[in-house]
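Notes follow the structure.
Read-outs: derived from the displayed coordinates by stated rules, not from any lab. Given the structure is predicted, the values throughout are model-derived calculations rather than measurements. Quick reminder, even Gly has a Cβ in these numbers, built from the backbone with ideal geometry, and neighbours come from all protein chains shown.
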Amino acid sequence: MRKNLIQRFSDSEMERNSDILNDFCYAFSASDIKGLMSLLHENGRFFNNLSKGRVAGEFHKMMNGPKGIKTRNAFTYNRGISLDIFPGQEVLEIRCFNENYDDESIFDFEKFLGPKFGEPAVKSKNEIIYRFVFRYQDFKIIELKMASNAVANPKRIISNN
C-alpha cells in the first residue's frame, strides 16, 4: 500500500498550521519547552522516532547544552520547502547567533536581515542553524524532523514541473 507523500490542506487548515509554525518559532526562541510541548500531538513521532516525552530532552539540549541557543543573543527565521523529508512541506530555518549591536549597525538593513535560507553557518558569529520540517494532525505537530535538503524559492521547482 502506497502512502501519500503530499497532503492537501484547506485554507483554514493552512492558516492554522501557519499559526502553529509561528507559535513554534516564539516558543523555541524563548526557550519555552512547555510551550513547545503544548504544540506536539500526543501520538506523534519526533526527530529519530522519539515520543513526545523523550523529545523534551532533545529540546532541553538544544536550549541549554554546551552549544545551546540560550548562549546566543540573536535569531533570524527563514522559510523554505523540503525536498527530501516530507517533500513539499514547509521548512522553518532558525538561525541562532551572537551579534554585537551598536548605533551604526541598527541602520544596516542587509546585516539586520542576516543570511538567506540555506546559506552555511557564519562561523564568526558562532551561528547554529536548525531546519525543522513538520507534519500536522488535529491542529498539532504530529511529526517533526530536521530537513537536510531544502530550497528557499519553490518557484524554481514549480517552473520545472
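Compute the distance in nm between two label points, each set 7 Å from the Cα along the Cα-to-Cβ direction, one at S148 and one at R79.
It works out to 2.6 nm between the two label points.
For a Förster distance of 35 Å, can you work out the FRET efficiency between the beta-carbons of N126 and R16, rounded to the nearest 0.05?
After rounding to 0.05, the efficiency reads 0.50.
Kindly flag which residue pairs out of K116/K140; K34/K116; K67/K145; K52/K116; K67/K140 have an alpha-carbon separation exceeding 25 Å in this structure.
Cα-Cα > 25 Å for K116/K140; K34/K116; K52/K116; K67/K140; rest within.
For N64 and M37, compute 0.36 nm times the residue count separating them, minus their Cα-Cα distance, and round to one decimal in nm.
That works out to 8.1 nm of additional length.
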